[in-house]
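Here's the structure we're looking at; comments come further down.
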Amino acid sequence: MASNRRIDNILGHLSTPPDQNKDGTCIHSQVNKLEKKNCSELSDNMGKESGVNGRGPRIPKRRQDLLKWNGWGFRDCKFVLDPVKELVSFEGDRYQLRGPLPYFNTWLETIEGVNLHANREAQPDIQADKIPKPIINDGFLEDIKRSGISLTLDPHDRLFRAHGHTLHDLFTLREGIFERIPDIVIWPDCHDEVVRIVNMCVKHNVCIIPYGGGTNVTRAVECPANESRMIVSLDTSQMNRILWVDDKNLTANIEAGIFGVDLEEKLSKYGLCSGHEPDSCEFSSLGGWVATRASGMKKNVYGNIEDIVVHIRMVTPQGVIEKNCQVPRMSTGPDLHHIILGSEGTLGVVTEVTLRVRPLPPCRKYGSVVFPNFEQGVHFVREVARQRCAPASIRLMDNVQFRFGMSLKPPSESIWTSLVDSLKKVYVTKLKGFNPETMVVTTLLFEGTKEEVAAQEKRVYSVATRFGGLASGEDNGQRGYMMTFAIAYIRDFAMDHYIIAESFETTVPWDRVLDVCRNVKERITKECAANGVPYAPIIMSRVTQTYDAGACIYFYFAYMYKGIPNPVEVYEKIETAARDEIISNGGSLSHHHGIGKHRKPFMKGTVSDVGMMALRAVKDRLDPDNIFGNQNLM
Amino acid sequence: MAGIQDNHEDILDPRRKGSDIRFALQTLRGVPEYKYINQQTPKEVKEQVLKSQRLRHVIEQLSSEKGLEEDVIYKEADAILEEMGHNLNMTTLRSLATIFANIFRQLFRHIYVNQSGIQKMRALMKESPVVLLPTHRSYLDFLLMSYILFHYHLPLPFIAAGADFMQMKFVGEILRRCGGFFIRRSFGSDRLYWAVFTEYVQINLTNSEGPLEFFVEGTRSRTGKFLSPKLGLLSVVAEPFLKGAVPDVTLVPISISYERIVEEKLHAQEMLGIPKPKESTSGLLKARSIFQEDFGSIVVHFCDPISLRDQMKSIDRSRHNLIPRFIFSATPEEQRLIGSVAQDVQQVQRDHMIMSPWVLCAACLLQRPDSYTLRELTSQVAWLKDMIRQYGIQVDWPVGTGAQDIIHSAFKIHHSLVKQHKDGEITFSRSLHSPNASVDTSTREGVLTHAAVHMDIAMYRNYLAASLAVQGLVSLSFCGLDKCSQDELYEQYQFLVKLFTEEFTSNPSHSKQKFDRTVSLLVACGALDHDREEVRVTAKGEREIAFFTDMMSPFLLGYWLVCQYLMAHPSSPQGVPIKQTAKDIQMRIATIISQGKLHHYEILSLNLLTNALTALTHMGILVREKSDNGPLISWSAESVSRVADKISEFIQVPTDMTSFSQPGEVALTAKL
Ligand SMILES: Cc1cc2nc3c(=O)[nH]c(=O)nc-3n(C[C@H](O)[C@H](O)[C@H](O)COP(=O)(O)OP(=O)(O)OC[C@H]3O[C@@H](n4cnc5c(N)ncnc54)[C@H](O)[C@@H]3O)c2cc1C
C-alpha cells in the first residue's frame, strides 16, 4: 500500500488530495477496478497476456469502451449542463474537479455570444457500414495473420486510430467522417514483433503509421487521403512493460507503448520516477513523447524528453537503429537520438527506450503567487529563470486564465471573496494594487526533500516579493494544475454549444515574451473580425516553461462560432495567422507539440531550404519506399 | 456640391461664444487611452533611454573604436537627451489653451475640422500607437494640431520639432511643455545621436500616452509643393512594429489647408535667398503686427488612418529574429517599402488639400501676370473651379455667393499681393512690403524685390500644381501636338517624372498606374479621346490641356535655363558648390529679366533652381561629390545639352539663344 500512496502523490494534481477525499475512495482503487475490467476483457478479446508486472494495460485494446470515441478522455468524465438548474457541473469522480461549478456559468458568459441553450449535438455513434471499408493487401494480410500477431479489421477500432486531438479531428468526428482511416490495427507485443511487422510491410509495400496514445494535436496520425496502399495502424499500447530497472545507474529500460501514468505507477514500485509529466500523461505514450520531442511540466527538475532519454531503439525499414552503450553523453558525430527525437513516426517505430530515472521525491508541495498584472508576473518568472531557482514547475497564467481557473471552484467557496479574504488576512495593507481585472497568478510545484522544498520555497517567494507578488496559498496552485487537465474536457462541452476552442504553443526569447502575448491576442482578435466571426474571441496565455534564454508560451483561444458556415476552415485561417504572428515576432514554430501535417507549411521557413534537404535525405535513405507514410514534417 | 461646412465643423465657433478660461480648464472627458498604455514621467523615459540596450551597445562600440571612456560618452548621451526631451505639462498646456484660443480667434475666421476623421482616429487610439502626419506649411501647424486635439479631448501629441526652435529660448521651452521634442537637422551618421533619438522616439511611441506627431516632409514647405519625404523618423517608427514591440502603428495623414499662410512673406524671401531671420523670440514678437491681419480660414482634414501592418504585409518580419532588437536593422526591401508608405501618405495628404478660391486666382494670374481684368478673371476662375472639380479636387467655394464676391473676398485677404484698379484691371503688387511703392524692374535689385510677390503667388498656385501634377505632366507630354501614340506619350511622361522627382514627389512604384489612371480620367472628363493606338486632345479639351501646360511650363523653362547656364559655364574639374551655382544662375536670370527678355519671375526661386541641379544629379548628368564645404558638382556641357534638347521637345524655347549670356528675348510659349 505504500506504493499506492506514492501514486496518489504523483497523481496529486489529477486527483483529490487525500485529506479532501471525504468518501475515502482513492484514485488507485479506481485504477485497480478498471484494470480488472480491462484484464477480463482482454482475455475475452485477443488472448493477450498481461505485462511482466502482472497486470494488463490500464486502457483496453478497444479503447472506445473506456474512452470517448469522439472527444477527450474517459467516457464517464464530462462537463454537463443540468437542464433544470441550468448549472454546469463536472461528471465523474476521477478528478479533483467534480460536481456543480456555480461560478463557471458566470465565467462562460464572459465569452461574447455564448448561449448555453444553443446546442450543437455531435452525431451519435457512427454505424459500422458508414465507416470506410479497408483497403486490403491480400499477401500482407495472409502473412500477418499467419504470424499470430494481434490484429483487427474492426471499423470502430480503425476509426479510433484515425485521428489525434486537433479541432479539425474532433469536428470531423462530431459531424462527419474521415476520408481515409487505417485499414488494419495491429498490436505488436514486443520489439521482435515490430521487426517482423515492418519486414512484412516492406515486403508487401504496406504503409505503417505508429500509434501511441493518439493525443497529438498536429494531425500526425491522420491517414493521408492520397495513400492508396493498405495502411497499418501500429498500436504500441501492448508494449508497456518495464523490462529492467538498474538502480545503481538509475536507469530503466521500458517498452515504448507505456502510457505516462502507468509508467510512473510502475516505476514507483521501485521507489523511482521518470518525472516526465506532459499534461496528456494519462493517455500519451513514451514512444509518442520521443517521436514528438515532448516536454513535461516538471522539466526544471527532470528535463525534457531529450534530456531523460539515455538509449533509444527504433525499427526502420532498413533495420534497427540504436547505440551500443547506455551512457549519459557521447561525442560520436551528430547525435543519432536527435534524428529519432521528433521524427514523428516518419522513420520507424520506437520500441524500447532507456530512461534515466530518479528516486521518488519525499516531498511535493504546491504554491501560488499573485501579481497585480501580467507584466510583473513575467518579470518575476524571468528573474527566477535568471537565478536558476525554478521549482519543478512554474507557470504564469494571465488574468483571463486566472479568472477561468477561479471559476472552477466548488460551490462551498465563493469565487473572489475567499481568495481576497484569505489574502487580506495576511496582507492587510499590501493588497491595494490588486485588481481582479488585471491580477495574475503564478502556480508552483516544488519537489524534493522537505528541506530542499523549504529552501526552494524561501528563495522563490523572496524573489516574488521583490516583484510585487503575494503568496496566495497551496490550493490556488493546485487548482491551476488541475485546470489544465480540465481544459481538455471543457472543449467537448464547448463544442456542444457552438464554441470553438483550441490551444497552441511556442518558445520565445525572454525579451519578447510580453510582446508576443500581446501581439498574438491582437492578431487573433483582428483576424476573427476579418473572417466574419460574429463574436469577440476569448484568448488566454500562460508562460508554462522557463529556460535560461526564453520561455514557452501556451495560448488558449475560444469563440462562439454560431452563424459561420465553415467554422473549422475559418478557425484554421485564424490559427495560421496567429502562427504567422508568432514567427514574425521571434517565436518558434513549436516548443513541444510538433509539426505533424498541421504546421508543415511553416517548416521550410523554420529550418531553411538546406535544412529541409537534410531531413529529406535522412528520410529517403532510411525509408526509401515511404513505408512510414504518415507524411508528417515534410 | 457640398460646401466645406457640410462635413467640417468650425472649432473656433464655440470660442467666439464661450469663455476661453472655461475652455482651458474644462475636464477632459472620454479621452481615449491606448489599451497597452505605459505611463512614465518624462524623467523616467529619459532614464529608460540611458539604460537601454541600444544605447549601451552603441556606446560600447564607440568606446572601443575611439578609445574613449564609456562614462564620457554616457555624459554626451545624457546631454543629447536633455537637449532633445519634451516635458509635456498639462498645467502649461491649459494656460496656453487660453492664449491660443485667443490668437487663433484673432488671426482666423474659421478653423474647420472634419469630425468623422477625428472619430475614426479616436477609436484607433485605443487599439495601437498613433502617429499624426500633418502637412507642414507653417509654424502654426504644431500649435494648431495640439489645439485641435485638446478641443476634441484627445491625448496630446509628442511632436518632433526641428532643433532650430530651441534657439528661441522662451518659445522653445513652451514647445517642450506642449510635448515638443527637438531633433537636430543633420546628424547623418552620428551613431550616438541616432541611438538616443531612436530609443527616445520609440519609447514614447510604445508607451503611447499620446500620439507621436511629425512631418513627413521634415520641414516646412515654403513653396506650396510637397517636399520629398524624409524617411528617418518613419523608419524609427516602423522598427518597433517590424520587431514586434507593438501590434501595429496607425498612421493618420492630415491635410492642413491655410487660406493664407501667416509667414508667407518670409517664405517668399527665403526662396529668393534673402536670409531668413534666425528663429528668435524677439522675431516672433515683431511679428505682432500680424494680429492686425486677416488670414482667412483653415481647413484641417484628418484622413483615413493607415495601418502600418497592412502596408507592411509583404514583409517577412522573422528576418529580424536573428539579431537582438536593439541593433537597428532594416532590410533594403523594408526601406523601399517605408519610402513607398511615405509617398502614399503624401498622396493621401495631397488628395485632401482644400483649394481656396485664391489658389485658383493665383493659378490664373500667374499664367498672365498683370493682364487680367476682374471680369475675365472671374470667368476663368469659375471655369477652372468646375474643371478641376472633375478631377476630384476640392474647392472651398461658398455655395450661394456670387463668383465675383468670392474673388473680392479672396483679394481682401491677399491685399498685399494684388491690386485691383478702377478700370477693373488687376496687377501684382510691386513689392511685398509696400504694395504701393514703385519698383524699378530694370535693375536686378528691382527684379528681386518684385519677384517676392511672384514667389508668394506661385506658392498658392503650387497647391493646385501639386494636386494636378500628373494631369500637367501628361498635358506637357503631348509636346504641343494634339495627338500622340499611347507609348510615346508614356515615354515622354516618364522623362518628365524623372526630371521632376524633386519638384512633384510621387511614388515611383505607382508611376505607370498613375499615368493610366490619369489618362482615363482625362478621357472620362472629355479632355482626351483615345483608341488602342492614339490619344487625342478633344476640342473641349484644348482649353484644359492648355491650362495644365501653362501651369507646368515655367518649371520646365526653369530647368532648361539651368541647362543653358551649365552649358555656357563649364565647371572646373574639382567642381563647384551647388548652392553657389544656384545663386549664380539666379543672378543670371535676374539680369535677363531686368533686360526685359523674360517675364517669368518665379524661375528666380532658388528652390526651383536647386531642384533642377539635384534632379540632374540624380539623372547622372551632374557629378556630385562631398567636400568639407558642402557638396560640389561638376558637369560636361555635352551631357547637359542632351537634357536641354530633350526639354525643348516639350516647350517652345528661344531658338536664337546660342549662349546663355547672349542677348535676345527669352519667350515662353507653350507648343500649342
Ligand atoms: C490535452 C493535451 C495535453 C497535452 N500536453 C502536452 C504536454 O504537456 N507536453 C507535450 O509535449 N505534449 C502535450 N500534448 C501533445 C501530445 O500529448 C504529445 O505530442 C505526445 O507526445 C503524443 O504522444 P502519443 O503517445 O499520444 O502519440 P500519438 O499521438 O499516438 O503520435 C504522435 C506521433 O508520434 C508517432 N509515434 C507514436 N508512437 C511512436 C513510436 N513508438 N515510434 C515512432 N513513432 C511514434 C505517431 O506516428 C505520430 O506521428 C498534449 C496533448 C493534449 C491533447
Note on chain B, DSSP bridge orientation, antiparallel percent to nearest 5 equals 60
How many nm is it between the label spots at residue B:379 and residue A:435, if each spot is 7 Å from the Cα in line with the beta carbon?
6.9
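Quick one: grab the alpha carbon gyration tensor of region B:4-351, order the square roots of its eigenvalues as a ≥ b ≥ c, and give me rounded if a/c is under 1.5, else prolate or oblate depending on whether a/b is larger than b/c.
prolate
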With a 1.4 Å probe and ligands and nucleic acids left out, the total accessible area lost when A pairs with B, in Å² to the nearest 100, equals 1200
How big is the accessible area of residue B:310 in square angstrom, nearest 10, if you roll a 1.4 angstrom probe over the protein chains?
90
Return one whole number: the accessible area per residue of the protein assembly as shown in Å², for a 1.4 Å probe.
40
Provide a whole-number value for the mean count of partner chain Cβ atoms within 10 Å of the Cβ atoms in peptide B:245-251.
4
The size of the Cβ-based charge dipole (Lys, Arg +1; Asp, Glu -1) of region A:242-359 about the Cα centre, to the nearest 20 debye, is 340
Heavy-atom accessible surface of chain B: percent carbon and sulfur, 1.4 Å:
52
P(r) of region A:362-482 over all Cα-Cα pairs, 10 Å bins starting at 0, rounded to whole percent, reads 14, 48, 32, 6
I'd like the accessible area for residue A:244, computed on protein heavy atoms only with a 1.4 Å probe and all protein chains in place. Round to 10 Å², please.
90
Mean separation of Cα contacts under 8 Å (6+ apart) over length of chain B, as relative contact order %
13
What's the center-to-center distance, using Cα atoms, between region B:136-194 and region B:354-379 in Å?
36
For region A:571-597, residues shielded by at least 40 square angstrom of accessible area compared with the chain on its own, probe 1.4 Å
A:584
Cβ neighbours within 10 Å, averaged per peptide: list A:60-71, A:603-614, B:74-85, A:468-479 in order, most packed at the top.
A:468-479, A:60-71, B:74-85, A:603-614
Can you give me the pair-distance distribution of the protein assembly as shown, C-alpha pairs, 20 Å bins, whole percents?
9, 31, 27, 20, 11, 2, 0
Which listed residue (A:596, A:631, A:159) has the Cα farthest towards the positive end of the charge dipole for chain A, taking +1 on Lys and Arg C-beta and -1 on Asp and Glu C-beta about the Cα centre?
A:596
Could you give the dipole magnitude of the protein assembly as shown about its Cα centre, charging the beta-carbon of Lys and Arg +1 and that of Asp and Glu -1, in debye to the nearest 20?
2180
For region A:229-286, state which trypsin sites (Lys or Arg not before Pro) are in a DSSP loop and have at most 13 other beta carbons lying within 10 Å of their beta carbon.
A:248
Cα pair distances exceeding 40 angstrom across chain A, given as percent
25
Regarding region B:358-462, what is the average projected area of its C-alpha convex hull, in nm²?
6.9
Loop-only trypsin sites (Lys or Arg not before Pro) in region B:486-561, please: DSSP not H, G, I, E or B, and at most 10 other Cβ atoms within 10 Å.
B:532
Which percent, nearest 5, of DSSP beta bridges in region A:128-237 are antiparallel?
25
Sulfur and carbon atoms: percent of accessible area, region A:63-110 [1.4 Å]
55
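Can you classify region A:503-623 as rounded, prolate or oblate using the Cα gyration tensor, where a ≥ b ≥ c are the square roots of its eigenvalues, rounded means a/c under 1.5, and otherwise it's prolate if a/b beats b/c and oblate if not? Don't skip to the end; give the middle numbers.
Values: a/c = 2.47, a/b = 1.38, b/c = 1.78.
Verdict is oblate for region A:503-623.
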Restricting to bridges with both residues inside the protein assembly as shown, how much of the DSSP beta-bridge set is antiparallel, in percent to the nearest 5?
80
Of all C-alpha pairs within region A:465-533, those more than 14 angstrom apart amount in percent to 77
Nothing charged except the Cβ atoms of Lys and Arg (+1) and of Asp and Glu (-1): what's the magnitude of the dipole of region B:350-504 about its Cα centre? Round to the nearest 20 debye.
380
Averaged over its residues, how many other protein chain Cβ atoms are within 10 Å of peptide A:345-351's Cβ atoms?
0
Place the peptides A:197-207, B:433-443 in order of packing, highest mean first, counting for every residue the other Cβ atoms within 10 Å and averaging per peptide.
A:197-207, B:433-443
Charges on Cβ only, +1 for Lys and Arg, -1 for Asp and Glu, centred on the Cα centroid of region A:128-237; of A:131, A:213, A:190, which one is farthest towards the dipole's positive end?
A:131
Once the in-chain neighbours fewer than 8 apart are removed, the aspartates and glutamates whose Cα is under 16 Å from residue B:498 read B:488, B:645, B:649
How high is the relative contact order of region B:327-450, in percent, counting Cα pairs under 8 Å that sit 6 or more residues apart?
22
Based solely on its DSSP helices, what 222 nm [θ] is calculated for chain A when runs of n ≥ 4 H residues each add -39,500 (n - 2.57) and the sum is averaged over all residues, nearest 500 deg cm²/dmol?
-11000 deg cm²/dmol
For the table B:583/B:626; A:266/A:597; A:526/B:313; B:230/B:646; B:230/B:579; A:248/A:323, the rows whose alpha-carbon distance is greater than 24 Å are A:266/A:597; B:230/B:646
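Enter the mean number of other protein chain beta carbons within 10 Å of the beta carbon of each residue in A:251-262, as an integer.
Numbers: counts 0, 0, 0, 0, 0, 0, 0, 0, 0, 0, 0, 0.
Partner Cβ neighbours, averaged per residue: 0.
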Under 1.5 on a/c is rounded, so check that first for region B:43-177, then, if it is not, pick prolate when a/b is larger than b/c and oblate when it is not; a ≥ b ≥ c are the square roots of the alpha carbon gyration tensor eigenvalues.
prolate
In region A:516-532, what residues drop by 30 Å² or more of accessible area when the other protein chains are put back, versus the chain on its own? Use 1.4 Å, and skip ligands and nucleic acids.
A:518, A:519, A:522, A:526
Spherically averaged projected area of region A:128-237 from its Cα convex hull (nm²)
6.5
Of all accessible heavy-atom area on region A:192-245, the percent that carbon and sulfur account for (1.4 Å)
46
Per residue in region B:304-324, which ones lose no less than 20 Å² of accessible surface when going from chain alone to all protein chains (1.4 Å probe)?
B:309, B:317, B:318, B:321
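The values are calculated or read from the model by the stated rules, or taken from the named source; none is laboratory data. Note that this is a predicted model, so its numbers are computed, not measured. Heads up, the Cβs are rebuilt from the backbone with ideal geometry, glycines too, and the neighbour counts pull from every protein chain shown. Calculation scope for accessible area: heavy atoms of the full protein, side chains included, ligands and nucleic acids excluded. Shrake-Rupley method; radii C 1.70, N 1.55, O 1.52, S 1.80 Å.
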